[in-house]
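The values are calculated or read from the model by the stated rules, or taken from the named source; none is laboratory data. The shown structure was predicted, so the numbers you read here are calculated from the model rather than taken from an experiment. Using ideal geometry, Cβ is built from the backbone for each residue, glycine included, and neighbour counts are taken over all protein chains shown. Ligands, DNA and RNA are stripped out before the accessible areas are found, and what is left, the full protein with its side chains, is counted by its heavy atoms. Shrake-Rupley method; radii C 1.70, N 1.55, O 1.52, S 1.80 Å.
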Amino acid sequence: MALEETVRAVLPDAEALRLKWPNDLLLDGAKLSGILLERVEEWVVIGFGVNVAHHPDLADRATTSLRAARATIDAAALQGELAAALAHWHARWRAEGLEPVTERWRERAHPPGTELRARLPDGSEWHGRYETLDPGGALVLRLADGSARVMHAGDIFLL
């Protein structure tokens, strides 16, 4: 939420910004940034990748940058704003639990009913529609047969 809030504040057309589970920010459907988390003992290392001035040209997905979206912020300023937002959301999570984070995520993500293809860590795939996030932040996918599947890790592709 910290990255979404920081980027939203500098975009001229912030309504075009959407979250994609579990860790991407999309602008008009193009990937603007991503987040990687890695646990090291009792610590979590967070890596934020934001296309500020440039973006790669990828064959498998559309990408964009803040500069291409006419945002007027440089990487150093973005980093400072992100650090402050991260401290705010971390404090809120510690004080209130995960619900404010998942609630805000639901407001900023693709709408329920969005068709998705999910690739799980074992290589298998599920096709269905986004339903919600569960209380722990896992994605709930409604399959064509009406069953619900909960996804804790993997890649999501919007269809």
For this session: Report P(r) for segment 75-147: all Cα-Cα distances, bin width 10 Å, range 0 to the bin holding the largest distance, values in whole percent.
Result: 17, 34, 27, 19, 2
Problem set entry | Furthest towards positive pole of dipole, Ala59, Ala91, Pro121, structure part segment 1-138, Cβ charges | Ala59
Exercise. Can you give the accessible area per residue of the chain, in Å², using a 1.4 Å probe?
Worked result: 59
Exercise. Considering only DSSP states other than H, G, I, E and B, which GluC sites (Glu not before Pro) in segment 10-52 qualify as loop sites with at most 11 other Cβ atoms within 10 Å?
Worked result: Glu41, Glu42
For this session: For Thr72 paired with Asp145, estimate the spin-label separation in nm (one decimal), with each label point 7 Å from Cα along the Cα-to-Cβ line.
Result: 5.6
Seminar exercise, completed: For segment 119-159, the dipole about the Cα centre with charges only on Cβ (Lys and Arg +1, Asp and Glu -1), to the nearest 20 debye, works out at 100
Seminar exercise, completed: Charge dipole of the chain built from unit charges on the beta carbon (Lys, Arg +1; Asp, Glu -1), centred at mean Cα; most positive-end Cα among Phe157, Gly49, Gly136 is Phe157
Exercise. On the first, second and third principal axes, largest extent first, how far apart are the outermost C-alpha atoms of the chain in Å?
Worked result: 47, 40, 29
Seminar exercise, completed: On the accessible surface of segment 29-122, probed at 1.4 Å with all protein chains in place, carbon and sulfur together account for a percent value of 54
For this session: Would you mind pulling out the separation of the Cα centroids of segment 100-143 and segment 69-83, in Å?
Result: 29
